[in-house]
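Colleague: My questions will all concern the structure given below.
Values quoted throughout were computed directly from the atomic coordinates according to the rules given, and no laboratory measurement underlies them. In this text the structure is predicted, and so the values were computed from the model without any measurement. Don't worry about glycine lacking a Cβ; one is built from the backbone with ideal geometry, like all the others, and counts go over all protein chains shown.
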Amino acid sequence: MVIHHLHEINREHRTALCSVCGWTEIYVTKSRTERMPKVFCINRWRESQQANKRRISEKQRLQPGWKPRHSLSEIDTEKMTAICSVCGLTEIWKSTEKQSTRYLCANKERTYQRKYRRNQYTSRIANPLFHTLSEIDEDNKNAVCSRCGPVQIYMWQGERKIGRRCSNASVEGVPEAQKIRREINTNLINRYKVEHGCERCGFNMNLTRLYLHSRNPDKKAPKIEKLLKLNRQDLMRELEDYEVLCGDCHHLVQLNLTVEPHTK
């Protein structure tokens, strides 16, 4: 470890001659006694503070239940984007409390709010015929339906929120032939997503993280219910108008950011 010896210390102007840094600023500690406050080279003081932060961070990571902090940098308040230490390039939300303003990672806040609302949600059965969901498990796509009990659920990503529905609610009163077509089309769409993978990064390991995105910016994302009613030829022709994107690339495209296509 290099020792920073100080000479010609000027406490009034907070400067000194360091044996390592040359003429530099100094840091004067605050003393609670009558003793003379200690003086350090500003560069050495900053290095020691950074090393102390690293030691504390490493100690915290070893503790059970530790989660990384979503620290933001390169904040752009016009585009409302920033670089998150966990998510990378992401949207940000502005939070104003009293007279202070801070910016939060949108991905972290969305995840927290979905979990909080789901934990705080209590189903209210206004109509006994409604399939009201509670105890929703998004990872395993399970829930408790007010009519069916424990059941698998459908999930889809809307423009502003994630939609969920009991798997039995969409097939009641549907002719058998239409049920078969829906099942066949669901398998075709899933196979199409996996075989093509994300056209920007090539990801195809998790089907739930793959989305259909319109190649035409004037055309909205496809409605799954509409695709499930088409015959095979019309469905494949319709799928050609959409590209498959993973969740991260789909998020970047929504932010109007350029993502290089994946070369297979």
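Colleague: Taking the Cα atoms of the chain, what is the range of coordinates along each of the three principal axes, in descending order and whole Å?
Modeller: That works out to 92, 47, 36 Å along the principal axes.
Colleague: Right, something else. Taking the Cα-to-Cβ direction at residue 206 and at residue 238 and moving 7 Å from each Cα, how far apart do the two end points lie in nm?
Modeller: If labels sit at residue 206 and residue 238, their model points lie 2.7 nm apart.
Colleague: Which angle between 0 and 90 degrees, to the nearest 10, do you get for helix 106-120 versus the longest principal axis of the chain when only C-alpha atoms count?
Modeller: Helix 106-120 sits roughly 60 degrees off the main axis of the chain.
Colleague: For segment 6-61, what does the alpha-carbon gyration tensor say about shape, rounded, prolate or oblate, given a ≥ b ≥ c as the root eigenvalues, a/c under 1.5 as rounded, and a/b over b/c as prolate? Mind showing how you got there, number by number?
Modeller: Details: a/c = 3.70, a/b = 1.57, b/c = 2.35.
Because a/c hits 1.5 or more and a/b fails to exceed b/c, segment 6-61 counts as oblate.
Colleague: Something else about it: Once fully extended, how much extra length lies between residue 218 and residue 78, figured as 0.36 nm per residue of separation less the alpha-carbon to alpha-carbon distance? All intermediate terms of the calculation are to be shown ahead of the outcome.
Modeller: Values: separation 140, 0.36 × 140 = 50.40 nm, distance 2.43 nm.
This chain segment gains 48.0 nm when fully extended.
Colleague: Hey, another quick one. Using only the alpha-carbon atoms, how far is helix 42-61 inclined from the longest principal axis of the chain? Give it as 0 to 90 degrees, nearest 10.
Modeller: 40
Colleague: So what is the relative contact order of the chain, in percent, for Cα pairs below 8 Å that sit 6 or more residues apart?
Modeller: Once divided by the residue count of the chain, the mean separation gives 7 percent.
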